[in-house]
Each structure stands twice: as C-alpha cells, then as structure tokens.
Amino acid sequence: MNRTTRPVLQALPIIRPKTSPDETLLRIIQGIGFVFLLLALAFPLTSLLLRAFEDQQGSFVGLRNFAIYVTTPSLVQSAWNSIWTAVITTCVVIPLAFAYAYGLTRSCMPGKWIFRAIMLLPILAPSLLPALSLIYLFGNQGMLRGLMGGGSIYGPWGIIGAQVFYCFPAAAIILSVALSTADGRLYEAAEALKASRFRIFMTVTLPGAMYGLVSASVVVFTLVVTDFGIPKVIGGQFNVLATDVYKQVVGRQDLNMGAVVGLVLLMPAILAFLLDRWAHGKRSATMSGRAVAYRPKPRRGRDIPALLICLLVACALLVIVAVSVWGSFIRFWPYNLSLTLDNYDFTRFDTAGWQSVWLSVKLSLITAFIGAALIFVIAYSLERGPARSLLAGPLRFLTTVPLAVPGLVLGLAYIIFFNHPANPLGIIYGTLAILVLNSIVHFYTVGHLTAVTAIRQLDPEFEAASASLHVPIWRTFGRVTLPICLPAIFEILVFLFVSAMTTVSAVIFLYGPDTKPASVAVVHMDEAGQASAAAAMACVILAISLTAKLSEIVAGRVFARFTSAWRR
Amino acid sequence: MRFILFALVFLGLAPMAEAQQRTRLTVYTALENEQLAPFKQAAEAALRDIEIAWVRDSTGVITARLIAEKANPRADMVWGLSVFSLLQMEAQDMLEPYTPRGAEALRPNMRSARSPMTWTGMDAFVSAICFNTVVAQQRNLPRPTTWQDLLDPRFRGQIVMPNPNSSGTGFLTISGWIANMGEQGAWDFMNRLHENIQQYTHSGSAPCNNAARGEFGVGLSFDMRSVTLKNQGAPIDIIVPTDGVGFDLEATAIMRGTRNLEAAKRLADFTVSRTAAELYGRFYAMLALPGVEPTVRGYPTEFAQRLVNANFAEIAAARERLLAEWQRRYDGKSAPR
C-alpha cells in the first residue's frame with residue numbers, strides 16, 4: 001500500500017502478505033476500469049493509428065507516411081507554433097487561475113459562490129461564442145479595435161487570447177480543488193514559529209498545491225496543443241499541429257496522414273504521464289487523519305487584493321460572454337444592429353430546430369451521471385488500490401491519454417472501431433449511446449485529475465484505520481471518502497455536463513439522423529452565414545449549462561451543511 | 001457497470017423500434033440547410049413508401065465520415081455532395097454502379113462516364129467573389145469583374161480565400177483557374193494573387209461570411225453562399241467573374257453495401273427526374289437536366305458561357321499533386337501580415 005512497508009516485506013520472504021477482500025475489490029474495480037478504457041479508448045485509437053502505416057487502399061507501407069510527413073515544409077513551423085502558443089498560454093493562465101482559486105478558497109472575500117459560477121463561463125458555451133465576441137470586439141469592425149494598435153486578431157495573438165479564455169476554467173477547477181483542503185495545524189505551527197506570510201506561502205501553501213499546479217499546467221498545455229477549433233476560426237493561416245490534422249482529415253480526406261499527425265500529437269500525453277508520475281513521487285497527503293481543516297480568518301491585506309483580482313478576471317469573462325449574448329439578439333452584425341427575437345426561432349435555420357437542444361440535454365445528463373460515477377470510482381481504486389498491481393500503471397497511463405487526443409482523431413477512431421462489421425459493440429453506432437461513450441472518454445482526464453487531486457488530499461490512514469477496525473472499504477468509501485470528496489464529485493459532474501453540451505470536434509463524426517446535438521447545429525448555422533442564430537443557440541446552451549452550474553452550487557451548499565460539519 | 005451496459009443497450013435499441021412500415025433511407029448530404037426540408041418533402045411525396053433521414057454536414061466532414069465508414073457503410077445514398085468527393089470514393093470502389101432511369105438525358109459532362117453510371121449530377125455551383133460594397137467605399141476598392149482585376153495592388157491585404165488543403169471550396173477555386181489559365185498560368189496568377197491575400201482560411205464558408213461582416217473587403221467563395229447573407233441585409237455583391245470560373249457539381253450516388261438497394265435505386269431515379277431538376281432550379285442557375293428553366297434569380301443570362309471547360313476526372317486525378325504544390329508554395333510561409 002505504501003512504499004515504506006515494501007523493504008520490510010521483502011526482508012521476510014516467508015510471511016506472504018494476505019490479500020484482503022478490500023484489496024480484491026479494488027483490484028476488480030481497477031480491472032473494470034481498465035477494460036472500459038481499453039474498449040472505449042485504446043482499441044479505437046489503435047485501430048485508427050494503425051492506419052498511419054497503411055496507404056489508402058489498406059496495404060501496409062511501413063514508415064512511408066511518416067517519411068512524407070517529416071518532409072512537409074510547414075511541419076517544423078507548425079510544431080514550433082503549437083509549442084510556443086501553448087507555453088505562453090500556460091504561463092498566463094496558471095498564475096491567473098491560481099490567484100483566482102486562491103481567492104476562492106483561502107480568503108474571506110464576499111460573493112465567493114458567484115465567482116465560482118463565473119469562473120466556468122468560458123466552458124459553458126460552444127467555442128463559437130468567444131470567437132464571435134473577439135471578432136465583434138477586436139475584429140476589423142470591432143468595438144474596441146483601437147486597442148489592437150493596428151494589429152490583427154487573426155493570428156497567434158488571437159489564438160492565445162481565445163485559448164487563455166478557454167483554458168481558464170479547467171485550470172481554475174483543478175487548482176481550487178487543490179487549494180480547498182489544507183491542514184490548519186501546519187498554518188498554526190508556522191505562525192507560532194513566526195514565519196513570514198511569504199515564507200508560509202512558499203513552504204506550506206505551494207507544496208500543498210504542487211500536484212494541482214503540475215496537473216493544471218499539463219492540462220492547459222495539452223488542451224492548447226490539441227484544440228483545432230480556435231486556431232481554425234481565429235488563427236488565419238497560422239499553422240499549428242491540430243489544424244494540420246484538420247487539413248489532412250477534413251480537407252484532403254486522407255485518414256492515413258491524419259493518423260500520422262494524430263500519433264505525433266500523442267507526445268504531450270506521454271509527457272503528461274511522466275510529469276504526473278514525477279509529481280506523484282513528490283506528493284504528500286495534505287489531509288492526514290488528525291488534520292484540522294484550515295479555515296481562513298478575515299484579513300484585509302489578503303482579502304481585498306484577492307477580491308480585486310477575482311473581480312478583474314470575472315469582469316473580463318463576463319464582457320466576452322455578454323457581447324455574444326447581445327450578438328444573439330441583433331439582426332446582422334455590423335450593418336443592422338436592431339434587436340429581434342427571431343434568431344431564437346431555430347426551425348427557420350435548421351430542420352431539427354429546438355429538438356437538438358433537448359437531445360443535447362439528454363446526452364449531457366447521461367454523460368454526467370454515468371461519467372462522474374465511473375471516473376470517481378476508478379480514480380479511487382487507483383489511488384487506494386494496490387499500487388503494485390499489474391493494471392495500475394497501464395490504467396494510470398490510459399487516464400491521461402484522452403486529454404492529448406484531439407476530438408477529431410477520437411471521432412474518427414470511433415467510426416473505424418465501432419463501425420467495423422465484426423465488432424459486436426457496433427450496435428451502439430449512430431445512436432445516442434455512442435455519443436455518451438465518446439463524451440465520457442473525451443473529457444475523462446480533467447475529471448480524473450480532479451478526482452485524484454481530491455482523493456490525494458485525504459490521508460490513506462483513513463483506510464488503514466478502517467481496515468484495522470475490520471470496516472470494509474466500501475463502507476469507508478461511502479462514509480468518509482464520498483462525503484469529503486462530494487464537492488469534487490459535483491465539480492466533475494457539472495464539468496462533464498457542460499462539456500457534453502458544448503462539444504463539437506468528436507461528435508461531428510458520430511451523430512446520426514436523429515441524434516444531432518445543439519453544439520453541432522451551432523457550427524452548421526455559423527457555416528451557413530447565420531451568425532446571429534448560431535449565437536442564439538450557443539446562448540441557449542450557455543443558459544442550460546449555467547443553470548446546471550448554479551444548481552450544483554446550491555446543492556453543494558445544502559449538502560455541505562450535512563456532511564462537512566467536521567470542517568468547521 | 002451492469003447499469004451502464006443496460007443503458008447502452010437500451011439507448012442503442014430505442015431508435016430501431018420506429019418507422020417500420022416505410023423504408024427509411026439514410027442520406028448523407030452537404031446541401032444547404034434550407035434545401036433539406038423541400039427536397040425531403042418532394043421526394044417523399046413522389047415515393048410514398050420511402051422516408052428520408054438526412055445526415056448533413058460540410059463537404060469535408062461528410063466525405064471524411066463516408067470514407068471512414070467504408071468498411072460498413074451507414075449511408076444508403078449520397079444526395080448533394082461535391083463531385084470531387086464522389087470521384088474520390090469511386091476510386092476507392094465505394095459507389096454502387098446504377099444508371100438511374102432517365103439519367104442519359106443529363107448533360108454528358110455532368111454525369112459519370114461509366115456504364116452503368118456511378119454518380120449523376122444535379123446542378124453546378126461556381127466559384128465567385130463576395131464583394132463588400134461598404135468596405136469597398138471606405139477603402140477605395142474598385143469593383144472587380146474578372147479574376148485578373150484582383151491582382152490590382154489596391155487589393156493588397158484585402159482578399160480572403162479558403163485554403164484548398166482544408167476546404168473543398170478552396171480546391172474548386174484553384175481548379176477553375178488551372179482549367180482556365182493552364183497550370184503554369186494558374187501558378188503565375190496565384191503567385192501574384194498571394195501578395196494581395198490577407199488570409200487563407202480553413203473553412204470554405206468563412207471568406208464570404210467574413211466579407212459580409214465587413215472583416216475583409218473581398219472573399220472568394222461560391223455563388224450559393226451569399227444568398228443567405230444578402231437576405232439578412234449584408235451589403236455584399238456576388239460577382240461571377242467574366243474571365244471563366246471553375247465549377248463543381250452537386251451529385252448523387254448510391255453507396256455500395258447499402259441494405260436498402262431497391263429503395264435507393266428508386267430515390268436515385270427521382271433525383272434525375274424533371275420534378276427534382278425544377279427543385280434544384282430554385283437554388284442554382286446551371287442544371288444538369290437540359291430544358292428546365294431555373295427559377296433562381298440574380299444570375300447573368302450568359303452565365304453558362306462563363307463556366308470553364310472542366311474535366312473532373314482529370315482534375316480529381318491530379319488533386320494530390322496540386323494540393324501538395326499549393327502547400328509548398330503558399331502554406332509554408334505563414335507569416336502574419
């Protein structure tokens with residue numbers, strides 16, 4: 001179970017550790033998780049990526065496609081562009097998100113719950129909304145185009161701006177979970193020792209949040225590298241790796257070359273996995289069994305700056321969203337700004353009309369509930385299960401992969417795997433079920449990292465104590481882990497819900513005649529030149545997601561009253 | 001876990017219960033959204049026992065889907081997709097050979113040359129210029145009437161066109177130039193045009209949409225694109241250049257491996273009928289069936305003469321090479337202007 005006992009066990013070879021029923025249970029769950037990710041992620045991806053070694057007729061060509069790809073003139077440029085925009089985005093997002101999360105969790109500023117809701121705004125709506133807002137604000141006809149100083153948003157700076165907006169919630173979620181629990185005794189001790197605030201921050205707060213910081217950075221970096229939606233709309237001809245996949249697959253319909261670029265894009269996943277292992281080695285549980293939950297006391301010197309930072313960030317997020325909400329009520333930007341409700345009469349623009357909205361709600365609800373349960377239980381089995389079990393390593397790796405897989409690649413992989421005539425799972429093809437499965441897998445990593453961050457903050461002593469008292473682990477899980485982690489589980493639930501409401505890149509290849517989600521309808525309306533109608537449907541999605549988030553906050557507060565009394 | 005499996009199976013089976021009496025044909029298409037309802041209505045009125053279930057997306061996405069689904073085709077038919085996509089699928093042996101009843105009446109260059117045919121054309125759409133008159137006035141841009149006009153230095157940094165490596169519309173545009181000016185002439189033209197290009201977009205609809213929003217003065221696109229924008233009050237003119245424009249066909253085909261071959265054949269018969277052609281004529285000016293008067297308005301009378309004489313099979317065969325050459329010349333230097 002932990003590292004220190006290992007040498008002892010090895011020194012006494014005669015006494016073999018007996019596998020407890022708890023351990024067996026966790027092993028079984030690990031096994032189920034492994035099979036699930038194998039079927040829903042590894043097999044589909046492999047069946048697509050194998051195409052990298054074939055030509056269009058399906059005969060094996062070895063590394064020829066790679067040779068062609070490496071000699072593409074714009075390749076090095078694309079790779080470099082991907083990396084530097086991702087690095088800059090990460091460097092901007094992480095401090096911002098950290099400060100914001102710090103304010104939410106470690107200060108006594110007012111209105112925290114409202115900031116919690118606003119923080120998610122960027123992922124509550126399809127990516128078209130910020131893209132439209134940026135055009136309305138900073139485009140060549142934009143309201144604030146003077147601020148651009150003659151530069152254009154169509155290029156790297158537009159990409160970085162939009163990515164910062166887009167990645168902020170993921171980073172803020174992970175960091176606010178990382179910062180939400182801390183051992184108050186450490187702070188008391190530090191204060192008693194007259195450590196300066198800066199020193200406390202550097203030696204207590206930061207190390208406690210280290211794992212969260214690493215995860216958040218990896219997530220942001222990978223999100224930027226693999227996202228093609230933003231560079232496609234706002235990047236002009238600024239080439240990045242993700243748009244290279246788009247060109248190969250959608251532009252040239254060359255699945256084989258698409259698979260090659262998809263493989264190259266998996267590199268960040270491997271990097272993420274290594275970093276995660278590294279951070280895992282350095283981790284220490286911040287919440288030991290004897291911990292006293294840290295509760296910030298009001299202090300103006302910290303609360304007022306925290307409030308100001310949160311206000312600033314929140315205002316920026318609100319303005320971007322507000323512009324496109326306004327955009328959904330106007331007739332035609334920028335030549336006819338009279339207001340109208342016609343844009344919400346979706347049947348005028350898309351035969352499915354409002355139906356696609358209800359379909360999206362259904363899809364997202366199923367995804368959220370099945371997904372959150374699955375993700376949390378699997379994360380728990382990994383964190384508390386036998387660390388040296390055969391499956392733990394591969395399973396851990398599989399959980400980091402989805403983040404690095406561009407939706408486009410995942411969508412195609414699903415076609416090739418689930419549509420194969422010999423696959424009995426093909427029964428779900430073209431139905432809502434495949435969209436659900438795809439959405440759970442597509443957004444698995446952020447959910448998993450949130451769960452892991454929450455579980456790692458609990459001392460394994462809880463389980464050890466239960467085990468010595470012969471309390472079965474599922475009871476400890478239900479009575480201790482679950483209630484303490486409930487806020488994190490709610491976060492995962494809502495994250496999955498809103499992600500499924502807004503996702504486009506993978507499901508655009510998978511929806512059937514009766515299962516077109518609203519997020520896809522948004523893209524179609526925008527392509528057809530109906531920007532206002534597209535904005536309107538995006539706003540409906542936003543409103544639904546926001547309702548979900550707000551009900552989570554309310555439910556969370558109610559639950560907290562019953563389950564987190566110990567925190568006070 | 002059992003619950004999940006149950007839910008998955010349940011969700012999978014639910015849609016199969018409905019619509020048993022009529023044959024349901026899954027039709028993949030890249031038609032414009034507003035065309036879907038009238039097309040479905042007309043076909044279902046003519047063929048009482050057939051129901052059409054559309055899957056509509058952009059040309060690139062729908063083609064990629066069709067090719068990825070090749071091992072086990074889900075579409076029974078394709079109705080309204082670029083002929084270049086169909087030729088690509090023909091090369092991969094994905095189309096069911098069938099000559100729809102009456103297809104011989106179609107213009108010879110707008111139907112498959114094989115016997116039996118693998119695809120039949122519906123109508124032609126042409127590359128065109130979306131020209132924002134308000135922006136033009138502000139920036140003093142002359143109104144172009146030919147492709148050559150676009151080389152005027154006054155257009156420097158004012159023109160947006162789709163990247164042919166990302167968008168079918170982009171390829172349509174350059175293939176028109178190649179058919180018109182010869183390959184060398186077209187590259188020379190594009191070299192000079194490159195100086196005036198502000199941006200190569202990944203989406204085929206973005207240039208016209210952005211020209212309509214006044215982001216740019218000139219967007220290269222195709223004719224149909226601008227109608228919706230104009231109806232909403234965008235100050236754009238659609239210009240079909242007089243020095244020869246490339247065109248693409250919207251076409252129909254039956255997918256090899258369809259589970260509803262008989263019904264698909266009957267729908268294919270309908271798609272080449274006069275009733276169908278009149279329907280196409282409400283949206284497009286150049287129809288595959290001669291003798292049908294298009295009712296769409298706003299096209300010049302001598303429109304047909306502006307179309308370049310394109311050999312689709314030849315262009316489709318050279319596609320890979322042309323795209324690679326284009327990428328080498330223009331895509332590598334992505335320095336933002």
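Please provide three numbers in whole Å: the alpha-carbon extents of the range B:237-310 along the principal axes, with the largest listed first.
Principal-axis extents of the range B:237-310 (Cα, largest first): 46, 23, 22 Å.
How large are Rg and Dmax for chain B when only the alpha carbon atoms are used, in Å?
21.1, 69
With unit charges on the beta carbons (Lys and Arg positive, Asp and Glu negative) and the dipole taken about the Cα centre of the protein assembly as shown, which residue among A:ALA306, A:ALA413, A:ASN140 sits farthest to the positive side?
Highest projection toward the positive end goes to A:ALA306.
Would you mind checking the tilt of helix B:59-68 against the longest principal axis of the Cα atoms of chain B, expressed as 0 to 90 degrees and rounded to 10?
40 degrees
In this model, which of A:LYS247/B:LYS70; B:LYS70/B:LYS230; A:LYS232/B:LYS265 are farther than 32 Å apart at the alpha-carbon? Could you put the intermediate results ahead of the total?
Working: A:LYS247/B:LYS70 20 Å; B:LYS70/B:LYS230 39 Å; A:LYS232/B:LYS265 39 Å.
Pairs exceeding 32 Å: B:LYS70/B:LYS230; A:LYS232/B:LYS265.
If you average 1/r over all unlike Cα pairs in the range B:135-257 and invert the result, what Kirkwood radius do you get in angstrom?
Numbers: mean 1/r = 0.0664 Å⁻¹.
Its Kirkwood hydrodynamic radius stands at 15.1 Å.
Could you check what % of the DSSP bridge pairs in chain B are antiparallel, to the nearest 5? Walk me through the numbers on the way to the answer.
Values: 25 of 41 bridges.
Here the antiparallel bridges make up roughly 60 percent for chain B.
Would you work out the charge dipole size for chain B about its Cα centre, treating the Cβ of every Lys and Arg as +1 and the Cβ of every Asp and Glu as -1, and quote it to the nearest 20 debye?
Here the size comes out at about 540 debye.
Add -39500 (n - 2.57) for each DSSP H run of 4 or more in chain A, then divide by its residues: what number comes out at 222 nm, to the nearest 500 deg cm²/dmol?
Values: 27 runs with 374 residues, N = 568.
For chain A, the value works out to -21000 deg cm²/dmol.
Can you pull the one-decimal nm distance between simple spin-label points at A:PHE198 and B:THR133, each 7 Å off the Cα toward Cβ?
Placing both labels 7 Å along Cα→Cβ, they lie 6.6 nm apart.
Going by how many other beta carbons lie within 10 Å of each one, how would you line up B:ASP243, B:ASP93, A:ASP244, A:ASP459, fewest first? The partial results should precede the final answer.
Values: B:ASP243 14, B:ASP93 10, A:ASP244 29, A:ASP459 18.
Ordered by Cβ neighbours within 10 Å, fewest first: B:ASP93, B:ASP243, A:ASP459, A:ASP244.
Let's see if you can work this out: charge +1 on each Lys and Arg Cβ, -1 on each Asp and Glu Cβ, no other charges. What is the dipole magnitude of the range A:161-229 about its Cα centre, in debye to the nearest 20? Walk me through the numbers on the way to the answer.
Details: 4 positive and 4 negative charges, 48 e Å.
Using Cβ point charges on Lys, Arg, Asp and Glu, the range A:161-229 gives about 240 debye.
So which trypsin sites (Lys or Arg not before Pro) in the range A:376-448 are both in a DSSP loop and have at most 10 other Cβ atoms within 10 Å of their Cβ?
For trypsin sites (Lys or Arg not before Pro) across the range A:376-448 that sit outside H, G, I, E and B with at most 10 neighbouring Cβ atoms in 10 Å, the list reads A:ARG388.
In whole percent, what relative contact order does chain A give with Cα contacts below 8 Å and a gap of six or more residues?
Working: 815 pairs, mean separation 137.8, N = 568.
Relative contact order for chain A comes out at 24 percent.
Calculate the FRET efficiency for B:ARG154 and A:VAL319 from the Cβ-Cβ distance with a Förster distance of 35 Å, rounded to the nearest 0.05. Walk me through the intermediate numbers first.
On the way: r = 36 Å, r/R0 = 1.03.
So, using R0 = 35 Å, E works out to roughly 0.45.
Kyte-Doolittle mean at least 1.0 and Cα extent at least 27 Å along the axis: which DSSP H helices of chain A qualify?
Numbers: long enough: A:75-106 (45 Å, 1.05); A:156-180 (34 Å, 1.59); A:206-226 (29 Å, 1.82); A:300-327 (40 Å, 1.89); A:355-384 (43 Å, 1.35); A:482-502 (29 Å, 2.16); A:531-563 (46 Å, 1.36).
Long hydrophobic helices here: A:75-106, A:156-180, A:206-226, A:300-327, A:355-384, A:482-502, A:531-563.
Can you quote the Å³ per residue value for the convex hull of the Cα atoms in the protein assembly as shown, rounded to an integer? List each step's numbers first, then the result.
Details: hull volume 153.5 nm³, N = 905.
Taking only Cα atoms, the protein assembly as shown has a hull volume of 170 Å³ per residue.
May I ask what percent, to the nearest 5, of DSSP beta bridges between residues of the protein assembly as shown are antiparallel?
Values: 29 of 46 bridges.
Here the antiparallel bridges make up roughly 65 percent for the protein assembly as shown.
Nothing charged except the Cβ atoms of Lys and Arg (+1) and of Asp and Glu (-1): what's the magnitude of the dipole of chain A about its Cα centre? Round to the nearest 20 debye.
Working: 42 positive and 24 negative charges, 432 e Å.
About 2080 debye.
So, R0 is 35 Å and r is the distance between the beta-carbons of B:ARG329 and A:ILE114; what FRET efficiency does that work out to, to 0.05? Show your work: numbers first, answer last.
Working: r = 53 Å, r/R0 = 1.52.
Efficiency computed from Cβ-Cβ geometry: 0.10.
Read-outs: derived from the displayed coordinates by stated rules, not from any lab. Bear in mind that the values here come from a model prediction, so they are computed numbers and not experimental data. Counting neighbours? That spans all protein chains shown, and the Cβs are built from the backbone with ideal geometry, glycine included.
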